[in-house]
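Notes to accompany the following structure.
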Amino acid sequence: MHNRGSFLVAAGAFAASAVPLAAMAAPATNRVTGVVVAVSNNALLLQKRDGTKLMVDLTEARAKSRVGVLAPGRAVEVYGTYLADGTFHCVATGHAAQIVRSWQPDR
């Protein structure tokens, strides 16, 4: 017969060792939200909330199957880092609310 206390301790240790889903994703220092303007192969043109456009390189995100639906007019989040040439190197994409005022601040 198992001791209930031992079970609870083991369960607590398992829960403490569990890695949150966000931590399992590829590390990304930036998150940018915008509306898809166009997609061509591994290039995404994203219109940010301030109206400026951002070229996003999807090569790594596609290679790791971390790209969702990128239909023109759809709001999305892209996760990754900025390259020296101003391009955004994307490691994953996500859904975003269609209402701009509900978007989280870019980082």
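The values are calculated or read from the model by the stated rules, or taken from the named source; none is laboratory data. Keep in mind the model is a prediction, meaning the values are calculated, not measured. Virtual Cβ from ideal backbone geometry, glycine too; neighbours counted across all protein chains shown.
Among the residues of the stretch 60-99, how many are free of Cβ contacts under 8 Å to residues at least 60 places away in the same chain and either in contact with a His (Cβ under 7 Å, 6 or more places away or on another chain) or surrounded by 13 or more Cβ atoms within 10 Å (Cβ to Cβ) (or both)? Going through the stretch 60-99 one residue at a time, the tally reaches 23. Could you list, in sequence order, all residues of the stretch 68-107 that are over 16 Å from residue 35 (Cβ atoms) and among the β-branched types (Val, Ile, Thr)? Those that are over 16 Å from residue 35 (Cβ atoms) and among the β-branched types (Val, Ile, Thr): 81, 87, 91.
In this entry, residue 84 passes the filter for residues that are closer than 18 Å to residue 29 by Cβ and modelled with pLDDT under 95.
What about residue 44, is it in contact (Cβ under 8 Å) with a residue 40 or more places away in the chain and either surrounded by 13 or more Cβ atoms within 10 Å (Cβ to Cβ) or within 13 Å of the chain's Cα centre (by Cα) (or both)? It is true that residue 44 is in contact (Cβ under 8 Å) with a residue 40 or more places away in the chain and either surrounded by 13 or more Cβ atoms within 10 Å (Cβ to Cβ) or within 13 Å of the chain's Cα centre (by Cα) (or both).
I'm checking my understanding of the structure. Among residues of the stretch 28-41 that are small (Gly, Ala, Ser) and surrounded by 15 or more Cβ atoms within 10 Å (Cβ to Cβ), which one is farthest from residue 96 (Cα to Cα)? Applying the filter and picking the extreme gives 28. For the stretch 28-69, give me each residue that is of a type in the set (D, E, K, R) and farther than 19 Å from residue 106 by Cα. Those that are of a type in the set (D, E, K, R) and farther than 19 Å from residue 106 by Cα: 60, 62, 64, 66.
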